[in-house]
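Undergrad: Could you have a look at this structure, given as structure tokens, before my questions?
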Amino acid sequence: MRRTIEHVREFAAADKGLAFVSFARANGTVHSTLINAGVMAHPVTDEEVVAFVVPSNTVKLRHWRHTPQATITFRAGWSWIGVEGAVTKVGPDDPMEGFDAADLPILLRDIFTAAGGTHEDWDEYNRVMAAERRTGVFIHPAKIRGTNLGF
């Protein structure tokens, strides 16, 4: 069975968007981090991508600024699905051509809700995201692999 971005969306929803995002360091070792992610339309291209939010001072973001490739893996029970692809990003330190920086607070909310998040005070959410200089990260699916889809 061919895996699609809709299968990824289903897995993301199964466990509150929990996933491991990974990349290969220059020395060949792998860096992995547990995050919340979801599937949504890219803010410029409208392509369905896997999206998540990270603070601007993270190792991941520094790495993706020079090597924009990543793999993200969601699991549900004993089943899993992974997406490999190019990374794009938009944030206070990472402007994106075709994206109005004034729309960043709304985009970060959209990513958060795509990953299953909810919030009672969006103004407070916006303040925290701005204070932490949060950045939206998008993995463009080049390869999607996984186990059986019955979870």
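Undergrad: Check THR135: other-chain or 5+ apart residues with amide H under 5 Å from its amide H, H built from backbone geometry?
TA: VAL54, SER56
Undergrad: Which whole-number percentage describes the relative contact order of the chain, with Cα contacts under 8 Å and a sequence gap of 6 or more?
TA: Numbers: 298 pairs, mean separation 48.0, N = 151.
In percent, rounded to a whole number, it is 32.
Undergrad: For the chain, what is the convex hull volume of its Cα atoms per residue in Å³? Walk me through the numbers before you get to the answer.
TA: Working: hull volume 16.0 nm³, N = 151.
Output value, Cα hull per residue: 106 Å³.
Undergrad: Looking only at GLY116, GLY38, GLY17, which one moves most when the chain is put into a Gaussian network model with springs between Cα atoms under 10 Å?
TA: Fluctuation is largest for GLY116.
Undergrad: Students sometimes get this wrong: rank THR58, THR45, THR4 by accessible area, probe 1.4 Å, all chains present, largest first.
TA: These residues rank, largest area first, as THR45, THR4, THR58.
Undergrad: Here's something else I'd like to know. With a 1.4 Å probe and every protein chain left in place, work out the accessible area per residue of the stretch 4-122 in Å², rounded to a whole number. Mind showing how you got there, number by number?
TA: Values: 6100 Å² over 119 residues.
On a per-residue basis, 51 Å².
Undergrad: Additional query: Stokes-Einstein D for the stretch 8-77 at 20 °C, 1.002 mPa s, Kirkwood Rh over Cα pairs, in µm²/s?
TA: 165
Undergrad: Which of HIS63, HIS140, HIS42 ends up with the largest GNM mean-square fluctuation for the chain, with Cα atoms connected below 10 Å?
TA: HIS63
Undergrad: Here is a follow-up. Aspartates and glutamates near LYS143 by alpha-carbon distance under 20 Å, same-chain residues fewer than 8 away left out - which ones?
TA: Cross-link targets: GLU6, GLU10, ASP46, GLU47, GLU48, GLU84.
Undergrad: A further question on this structure: Put +1 on the Cβ of each Lys and Arg and -1 on the Cβ of each Asp and Glu in the chain; which of ALA41, GLY77, THR135 then has its Cα farthest toward the positive end of the dipole?
TA: With unit charges placed on the Cβ atoms, the residue in question is GLY77.
Undergrad: 5 Å is the cut-off here: which amide hydrogens, built 1.01 Å from N in the peptide plane, fall below it relative to ALA70, excluding neighbours closer than 5 in sequence?
TA: GLY85, VAL87
The values are calculated or read from the model by the stated rules, or taken from the named source; none is laboratory data. What you see is a predicted model, and the numbers here were worked out from it, not measured in a lab. Virtual Cβ from ideal backbone geometry, glycine too; neighbours counted across all protein chains shown. The area values use the complete protein model at the heavy-atom level, side chains included, leaving out ligands, DNA and RNA. Shrake-Rupley method; radii C 1.70, N 1.55, O 1.52, S 1.80 Å.
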